[in-house]
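First comes the structure, then the notes that go with it.
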Amino acid sequence: MIRVGIGHDTHRLVEGRPLILGGVRIDHPRGLMGHSDADVVLHAVADALLGAAALGDIGELFPDTDPQWRGLDGGVLLTEVMARVTQAGWKVGNCDVVIHAQEPKLTPHKPAIRAGLAQWLGVPLTSVNVKAKTGEHVGPIGRGEAISAEVIVLLQAAGDL
Ligand code: MG
């Protein structure tokens, strides 16, 4: 038995914040604003997992109105989501990620993001793909006002569900 899930996230790019994408801290003058660490990649991966397992979304599990989640590390969030997905009887088949960012250039960072995701998801490197797109200088992404991520995940039943 297999299931697919989709995840999306967008955060505003602002001065005075670190830029963390897929758990990788990227040297850049601006970073993503949010109640948590605003890691759009890990947030979108977590939502794709929850979607495939029909377990809701990260807004329900980690409400941004709750002070205990202030500054929440995307890796901690994804680890918690993976625990729930595993508990529900699923393992990850593969994961495909698109990051939309006009800046910075993400090509040098894609291998580290991919390796981290493979580890979090408990799959080989060959089951994770990371793509980066610019916004072609149009829209909020293209003007460098935001970065977003889209993710599709395939889950497979780990045994009898
Ligand atoms: Mg988010």
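The values are calculated or read from the model by the stated rules, or taken from the named source; none is laboratory data. From a predicted model like this one, the values you see are computed outputs, not experimental measurements. Neighbour counts are summed over all protein chains in view; Cβ atoms, including those assigned to glycine, are modelled from backbone coordinates with ideal geometry. Accessible surface areas use protein heavy atoms only, side chains included; no ligands, DNA or RNA. Shrake-Rupley method; radii C 1.70, N 1.55, O 1.52, S 1.80 Å.
Some points to look at:
- Estimated distance in nm for a label pair at Val138 and His28, the labels positioned 7 Å out from Cα along Cα-to-Cβ: 2.2 nm
- Using C-alpha pairs under 8 Å with a sequence gap of at least 6, the mean separation divided by the residue count of the chain gives a relative contact order of 33 percent.
- Accessible area (Å², per residue) of segment 35-112, counting only protein heavy atoms and a probe of 1.4 Å: 43 Å²
- Count of Lys pairs (Cα-Cα under 14 Å; at least 8 positions apart or interchain) in the chain: 4
- Alpha-carbon spread of segment 109-161, three principal axes, descending order, Å: 48, 24, 14
- Cα-centre dipole for the chain with unit charges at Cβ (Lys and Arg positive, Asp and Glu negative), debye to 20: 460 debye
- As a fraction of the 1.4 Å probe accessible area of the chain, surface on carbon and sulfur atoms comes out at 54 percent.
- Looking at the chain, the pairs of alpha carbons with a distance over 19 Å make up 51% of the total.
- Solvent-accessible surface (1.4 angstrom probe) belonging to Leu121, in square angstrom, nearest 10: 10 Å²
- Computed FRET value (nearest 0.05) for Asn129 with Val4, which takes r as the C-beta separation and R₀ as 22 Å: 0.90
- Mean ellipticity per residue at 222 nm, deg cm²/dmol - from DSSP H runs of n ≥ 4 across the chain, formula -39500 (n - 2.57): -8500 deg cm²/dmol
- Averaging Cα coordinates gives a centre for segment 1-75 and one for segment 89-150; these two points are 12 Å apart.
- Between the amide H of Leu21 and those of Ile26, distances stay under 5 Å, these residues lying 5 or more places away or on another chain, with hydrogens modeled in the peptide plane.
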